[in-house]
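J.: There's a structure below that I have some questions on.
Laboratory data are not the source of any read-out in this text; all were calculated from the coordinates shown. Quick caveat, the model's predicted, so the values are computed rather than measured. No Cβ is skipped: glycine too gets one built from the backbone with ideal geometry, and neighbour counts run over all protein chains shown.
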C-alpha cells in the first residue's frame, strides 16, 4: 500500500490519502471482505475455546493491516489515523478480540515509529509492520495502573546490556507475542526515570504466568509476566533513556481512540442485530419493532452511536492535524469515555430487545454486552478519563 500525496479533498492529514479517495475505499472494502470471510465464521468457536487465533491475525498482518498508520518508507501503509480507525471498527463489528490484537500490535510499534532512532526505525520497524511478528506492551504492574510514574520494574545497566527485574500485569498477547516493550525504571523515581526496552519472547528469565480467566474477549490471552534477571542489549532501548513516560503518553492517546472505535464496532453490531430481531419477532400479531417502546430504544441506539462516531472521528482528525498534544489527549479522552459508555448502553438495550433470547449464548448480544464492560475499563477506566477531562477544564 503506498501513500497518496493528494490531500485536497476530505479530512486527511499531511501526506495521507483523503478520506474519500479510491485508495481508502479499496482498503475499507478489503477490511470488510476479510472480516466477513476470516472473522465472522470463527469468532464463536474461538471465544468458546478461549483460543488465540494466531493464523487469523497473521492473515490480517500479511494483508497490510499492521502498518496502516505508519510511514511508507518503513513499510507502513501511509494512512491517516482516521482511516486506520475506520478499518478497526469494521473488524470490531465481527470480532473484538481480533480488532484488539491489531490495536495491541500497532501500539507496540508506535513507540519505535515516534521515538526510535533513525537506525532503529530502519532496522526494526519494517519487520514489525510486515505481518509475521506480533508485539505487546508491558506497562501495568500489580500495584500500578494508570499511575505509570510509580512503575517499579527496574533495568540496571551492566556493560553493554540492561538487566531487568520486576513483574508486569495485564499484558495482552502474553505468551503469544514475539517481542515485548517493557516500561521499566532506569533512573530516578518518577516520570523522568522511565525507559522502554524491547525484549524478545525467548529471552531467558522472561516468565509468562497463568492466563487470566476473563469475562470477555477470552480468545485474547492476558497474563502477568515476571522478569527475572532478563538481560537485554542496550541497543534495544526504544528511543532515548528516560523518555519512557513520553512514549506512554503517545500510546495512551492512540489507544484511547482505538478503544473508542472498537466500542463503536460492537455497538453498531448490537444495534443491527436488535433491529433485525425486532423486525422478525412477532407479538400480538405484528413485529415488535412497530411497538413504540421498542422503536424508541432502537432510535436512541442509532442516535448515540452516530454521536459517538462523530466525536471519535473528530478526535482522530485532531491527531492527524498534529494539533497540540494537550488538545489531542483531551479529544481522545472524551471519545473513549463517551463511546464506551454508549457501547455499554446500546448492548444492554440490545439484550433487552431480545428479552430472554438476549440472555443466552445462542445470540451474540450477551457477548457484546460483556465486551462493552471491558472497554469501559481498559486504556484507563472511564473514571480516569473524567478526571483527565475535568483537570483540563479547571
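J.: Would you mind ranking 146, 302, 108 by Cβ crowding within 10 Å, fewest neighbours first? Walk me through the numbers before you get to the answer.
T.: Numbers: 146 17, 302 13, 108 27.
So the residues, fewest neighbours to most, are 302, 146, 108.
J.: In square nanometres, what is one fourth of the surface area of the convex hull spanned by the alpha carbons of the range 245-393?
T.: Its Cα hull, projected and averaged over all orientations, spans 9.5 nm².
J.: State the extension gain, in nm to one decimal, for the chain segment bounded by residue 22 and residue 215, taking 0.36 nm per residue of separation less the distance between their alpha-carbons. Before the final figure, lay out the partial values.
T.: Working: separation 193, 0.36 × 193 = 69.48 nm, distance 4.02 nm.
So the extension gain works out to 65.5 nm.
J.: Let me ask another. Quick one: compute the contact order of the chain, relative version, from alpha carbon pairs under 8 angstrom and 6+ residues apart, as a percent. Can you show the working numbers first?
T.: Numbers: 748 pairs, mean separation 58.6, N = 394.
Here the relative contact order equals 15 percent.
J.: If you average the alpha carbon positions of the range 347-394 and of the range 215-290, how far apart do those two centres end up, in angstrom?
T.: 11
J.: Full extension from residue 306 to residue 323: what is 0.36 nm times the residue separation minus their Cα-Cα distance, to one decimal in nm? Please report the intermediate quantities before stating the final value.
T.: Working: separation 17, 0.36 × 17 = 6.12 nm, distance 2.40 nm.
Using 0.36 nm per residue and subtracting the Cα-Cα distance, I get 3.7 nm.
J.: Another question, then. What's the ranking of 332-340, 243-251, 266-274, 115-123 by average number of surrounding C-beta atoms within 10 Å, highest first? The partial results should precede the final answer.
T.: Working: 332-340: 27.0, 243-251: 20.4, 266-274: 24.8, 115-123: 14.7.
Going from most to least packed, we get 332-340, 266-274, 243-251, 115-123.
J.: Calculate the FRET efficiency for residue 284 and residue 48 from the Cβ-Cβ distance with a Förster distance of 30 Å, rounded to the nearest 0.05.
T.: Details: r = 36 Å, r/R0 = 1.19.
The value I calculate is 0.25.
J.: Another question, then. How big is the antiparallel share of DSSP beta bridges in the chain, given as a percent to the nearest 5?
T.: On the way: 29 of 34 bridges.
Approximately 85 percent, going by the DSSP bridge assignments.
J.: Please give the Cα centre distance for the range 35-52 versus the range 72-140, rounded to the nearest Å.
T.: The two parts, judged by their Cα centres, are 22 Å apart.
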